[in-house]
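A.B. asks: Just dropping this structure here.
The values are calculated or read from the model by the stated rules, or taken from the named source; none is laboratory data. If you're wondering where the values come from, they're calculated on a predicted model, not measured in any experiment. Please note: Cβ atoms are built from the backbone with ideal geometry, for glycine as well, and neighbour counts cover all protein chains shown. To get the accessible areas, we keep the full protein, side chains included, count just its heavy atoms, and leave off ligands, DNA and RNA. Shrake-Rupley method; radii C 1.70, N 1.55, O 1.52, S 1.80 Å.
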Amino acid sequence: MRRPLIQDPRVQAALPPLVVGLAVLSLWEAACRGFAIPDYLFPAPSVIAASLVQNGPDLLRALWSTMRVTLIAFALSTVLGTLVAFLFVQSRFIERGFFPYAVMLQVTPVVAVAPLIIILVRDTQVALVICATIIAIFPMISNTTVGLRSVDPGLSNLMRVYRASRLQTLLHLRIPSALGYFFAGLRISSGLALIGAVVAEFVAGTGGRSAGLAYEILQAGFQLDIPRMFAALSLITAAGILLFLAMSGLSRLALGSWGDPERA
């Protein structure tokens, strides 16, 4: 039986998406060249790459501005969402009273709320962080709450037999049981924080040195510089993928094969 040339399972897992991605880019490039599609309608990958190199400093500055808002909102949603989940687990009354409002935050389009927040909050960067946090906080509340409640009934009864306090039950039973759900919430929330930051930037339309990638996309659209628009979109996509991979790596580092719903 022949052994595979590449035996590292992580490399083997990464090969299929890389092959598919290269095939899609090749077909995209060939279609644009073969049908002579103008760059201002649908640029080829090579044209987008050239625009990315040409406008690199401005786009990277905008990327940092967007990522700063994303990371702050992600950190806030993680801390606040986890604290709210702890409160929900401690009291059914608090959960039934406040969980519908958490659902309202999730189902309300941020595009409809962002103008009001930007008007009420004088600092534009703070307003952007609030908008992104509103989008990213619900997965942390929902996943962590479900994880804290998903304890083994036998272990829960054992804690009652030994008359463990609520704090002891939380620290030694509920939190270990919820770690897999918590890290799954991190993976979702990180991407939503980036989406919230970009959407809020679209609504705010802020320029200057603190302008994000959404402003670069708007400006490229106004100037019909479509390759630059696609270059900014590719940076947003790359940032979202890196955030997801970082949270997945953190989950594997913290949990290994234990308590991870994906591996289970």
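A.B. asks: With a cut-off of at most 12 other beta carbons within 10 Å, and DSSP calling the residue loop, which chymotrypsin sites (Phe, Trp or Tyr not before Pro) in region 129-227 qualify? Please list them.
C.D. replies: On the way: sites: Tyr162, Tyr181, Phe182, Phe183, Phe202, Tyr215, Phe222; in loops: Tyr162.
Counting only loop positions with at most 12 other Cβ atoms within 10 Å, the chymotrypsin sites (Phe, Trp or Tyr not before Pro) in region 129-227 are Tyr162.
A.B. asks: Compute the separation of the alpha-carbon centres of region 61-117 and region 176-206 and state it in Å as a whole number.
C.D. replies: The distance from the Cα centre of region 61-117 to that of region 176-206 comes to 9 Å.
A.B. asks: Here's a follow-up. Could you work out the relative contact order of the chain? I mean the mean sequence separation of Cα pairs under 8 Å and 6+ apart, divided by the number of residues, in percent.
C.D. replies: Working: 296 pairs, mean separation 67.2, N = 264.
After rounding, I find 25 percent.
A.B. asks: Can you pull the percent of the chain's accessible area that's carbon plus sulfur, 1.4 Å probe, other chains left in place?
C.D. replies: Summing carbon and sulfur atoms, their accessible area is 70 percent of the total for the chain.
A.B. asks: Further question: What percent do you get for the relative contact order of region 111-264 when only Cα pairs under 8 Å and 6+ apart count?
C.D. replies: Numbers: 151 pairs, mean separation 42.6, N = 154.
28 percent.
A.B. asks: Per residue, how much accessible area does the chain have with a 1.4 Å probe, in Å²?
C.D. replies: On the way: 15570 Å² over 264 residues.
Result: 59 Å² of accessible area for each residue.
A.B. asks: Between 0 and 90 degrees, rounded to the nearest ten: what's the tilt of helix 110-120 against the longest Cα principal axis of the chain?
C.D. replies: The angle comes out at about 90 degrees.
A.B. asks: Shifting gears a bit: Could you pull out the longest piece of the chain with no exposed loop trypsin sites (Lys or Arg not before Pro) in it, calling a site exposed if DSSP puts it outside H, G, I, E, B and it has at most 13 other Cβ atoms within 10 Å? Walk me through the numbers before you get to the answer.
C.D. replies: Values: sites that count: Arg2, Arg122, Arg163, Arg209, Arg263.
Longest stretch, sites excluded: 3-121.
A.B. asks: Sticking with this structure for a sec: Say we join alpha carbon atoms closer than 10 Å with springs in a Gaussian network model of the chain; which of Thr108, Thr82, Thr145 then has the biggest fluctuation?
C.D. replies: Thr108
A.B. asks: Tell me, what ³J(HN,Hα) does each residue in region 181-191 have, in order and in whole Hz, if you take phi through Karplus 6.51 cos²θ - 1.76 cosθ + 1.60 with θ = phi - 60° and put x for Gly and Pro?
C.D. replies: So the Karplus estimates, Gly and Pro as x, are 5, 4, 6, 5, x, 4, 4, 6, 5, 4, x Hz.
A.B. asks: Only one of the values [x] -0.65, -0.73, -0.89, -1.24; [y] -0.46, -0.56, -0.78, -1.34; [z] -0.67, -0.78, -0.97, -1.26 was calculated from this structure for log10 I(q)/I(0) by the Debye sum over Cα atoms at q = 0.10, 0.11, 0.13, 0.17 Å⁻¹; name its label.
C.D. replies: [z]
A.B. asks: Further question: Tilt of helix 45-54 relative to the longest C-alpha principal axis of the chain, in degrees (0 to 90, nearest 10)?
C.D. replies: Roughly 90 degrees, rounded to the nearest 10.
A.B. asks: Grab the alpha carbons of region 112-264, take their convex hull, and tell me the volume per residue in Å³. Could the numbers behind the result be given before it?
C.D. replies: Details: hull volume 22.2 nm³, N = 153.
About 145 Å³ per residue, rounded to a whole number.
A.B. asks: For Ala102, what is the net charge nearby, where nearby means another residue's Cβ is under 12 Å from its Cβ and Lys, Arg count +1, Asp, Glu -1? Can you show the working numbers first?
C.D. replies: Numbers: positive: Arg96; negative: Glu95.
Here the charged neighbours net out to 0.
A.B. asks: Right, something else. Where does the charge balance sit around Ile217 when Lys and Arg score +1, Asp and Glu -1, over other residues with C-beta under 14 Å from its C-beta? Working shown, then result.
C.D. replies: Details: positive: Arg228; negative: Asp58, Glu201, Glu216, Asp225.
Result for the neighbourhood of Ile217: -3.
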